[in-house]
Amino acid sequence: MPNISKLTEVVLQALPDELPLPSAVETAAGAQAVNRSAVAALAFLFYDICLTFDEEVELFWPRNWTWMKFNFFFVRYVPLFVQIPLLFVGTELTPQFHFTSHDCFIWQVYQAVASICIIMSCDFVLLSRIYALYFAKKHIQRLVYICYVLEISGMCVGLGLALPGVKFDERCTVLLVPPGLLIYAGASIAFQALLFALTLYQFLSGLRMGWGNVPIVKLLMRDGTWAFFLLFIELVAEASLYGLKNHAFAGVLYSWLLTVYSFCGYRILFNINHLTRTPDGSLVSGTSATISNSFQFTSQFQQSDVSNSFELRPLSPPRVQVVP
């Protein structure tokens with residue numbers, strides 16, 4: 001703890017000389033860009049929730065409450081409600097609230113805590129995919145869980161170092177962002193890269209062993225690929241904004257970060273749960289899909305007129321079990 005305090009003090013002392021504050025015109029331009037981006041991100045998320053509301057009712061409402069069902073509703077709706085009050089911070093409406101410098105700092109803490117919780121929720125969904133792919137590899141599951149904890153710890157450390165050095169104007173518009181936030185972004189990028197590498201390796205192994213065409217395997221690989229690149233591009237783009245001379249633009253992609261993580265989380269759960277339904281719309285008998293806490297996924301497919309269930313067991317020959 002003393003070392004962290006000393007590091008924070010060193011960073012804060014170095015900031016004023018290395019990172020000059022933007023001018024009033026630059027600050028106004030940055031605040032306007034952040035506000036418009038936040039409105040766009042919120043509108044997109046709200047539109048997609050409305051677009052998929054019928055799927056939510058069909059796939060999730062009838063199910064018993066489990067941790068994964070709670071996580072689905074958390075990652076789907078919390079980012080939406082988190083973003084709404086942010087529309088009143090750093091905009092033309094802000095002076096009416098008479099925020100002090102301490103109030104602006106509290107808003108930054110609010111954003112930091114919200115982002116960590118939402119990232120944890122989405123990463124839990126991504127983590128469950130790895131647990132399914134490496135069903136028989138307990139040491140891989142433990143490794144990924146440890147990396148998950150390290151990711152969250154790294155983000156907390158990065159935010160803890162950076163938040164005390166964030167500078168604001170009278171509208172709570174961010175004027176200066178310390179480099180400690182790069183630790184926050186780097187931890188997320190590294191974890192996403194690890195998940196994608198493990199997914200790709202297991203998929204290639206599955207192709208060699210004959211179950212690469214199993215629907216659940218292809219789905220996990222497909223969703224893992226687009227989710228990785230979407231999150232990776234978002235995280236890298238957000239981190240690159242910290243390198244701009246005008247740090248008033250640093251928050252342009254914050255709302256999109258919440259939207260993208262939310263979108264990836266609930267869309268992946270939708271896709272997997274669609275796969276566990278028979279052609280007539282009923283649930284496959286005995287399947288636990290992603291809603292269980294055991295991270296076991298099953299996928300059904302048709303051969304002739306017989307309904308079958310395939311249980312994914314990595315690194316072993318595929319076997320078919322007939323469901324009575």
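Details
- Cβ-Cβ contacts under 9 Å between residues 6 or more apart (or on different chains), taken from a first residue in the range 33-50 that is farther than 13 Å from residue 83 by Cβ to a second residue that is modelled with pLDDT of 95 or more and surrounded by 14 or more Cβ atoms within 10 Å (Cβ to Cβ), are listed as 48/259; 48/262; 48/263; 48/266; 48/267.
Okay, residues lined up against (1) touching a residue at least 24 places away in the same chain (Cβ under 8 Å); (2) among the β-branched types (Val, Ile, Thr); (3) outside any helix (DSSP H, G or I):
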residue: 182; (1), (2), (3): yes, no, no
residue: 197; (1), (2), (3): no, no, no
residue: 219; (1), (2), (3): yes, no, no
residue: 228; (1), (2), (3): yes, no, no
residue: 243; (1), (2), (3): no, no, yes
residue: 256; (1), (2), (3): yes, no, no
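- Per the listing 165, 158, the residue uniquely touching a residue at least 40 places away in the same chain (Cβ under 8 Å), of a type in the set (Gly, Ala, Ser), crowded, with 20+ Cβ neighbours inside 10 Å and in contact with a Leu (Cβ under 8 Å, 6 or more places away or on another chain) is 165.
- Residue match in the range 88-107 (condition: closer than 23 Å to residue 265 by Cβ, in contact (Cβ under 8 Å) with a residue 24 or more places away in the chain and out of contact with any strand residue (DSSP E or B) (no Cβ under 9 Å at 6 or more places or on another chain)): no
- Taking the range 220-265 as the range and being among the polar types (S, T, N, Q) and either touching a Lys or Arg at 6+ places or on another chain (Cβ under 6 Å) or closer than 20 Å to residue 34 by Cα (or both) as the test, the residues that pass are 240, 246, 255, 259, 262.
- Breaking point among (1) more than 30 Å from residue 154 (Cα to Cα); (2) at pLDDT 95 or above, for residue 44: (1)
- One residue from 156, 147, 172 being of a type outside the set (A, V, I, L, M) and assigned to a loop (DSSP other than H, G, I, E, B): 172
- Residues considered: 258, 220, 244, 198. Of these, the only one that is buried (at least 19 other Cβ atoms within 10 Å of the Cβ) and over 17 Å from the mean Cα position of the chain (by Cα) is 198.
- In the set 84, 118, 130, only one residue is in a helix (DSSP H, G or I), under 25 Å from residue 185 (Cα atoms), in contact (Cβ under 8 Å) with a residue 12 or more places away in the chain and touching a Pro at 6+ places or on another chain (Cβ under 6 Å); that residue is 118.
- Residue within the range 142-157 that is under 30 Å from residue 28 (Cβ atoms) and hydroxyl-bearing (Ser, Thr, Tyr) present: no
- Residue check for residue 148: within 15 Å of the chain's Cα centre (by Cα), of a type in the set (Phe, Trp, Tyr) and surrounded by 16 or more Cβ atoms within 10 Å (Cβ to Cβ): yes
- For the range 15-23, the criterion of being surrounded by 15 or more Cβ atoms within 10 Å (Cβ to Cβ), modelled with pLDDT under 50, at negative phi and part of a helix (DSSP H, G or I) is met by at least one residue.
The values are calculated or read from the model by the stated rules, or taken from the named source; none is laboratory data. What you are looking at is a predicted structure, and each value in this text was computed from that prediction instead of being measured. No Cβ is skipped: glycine too gets one built from the backbone with ideal geometry, and neighbour counts run over all protein chains shown.
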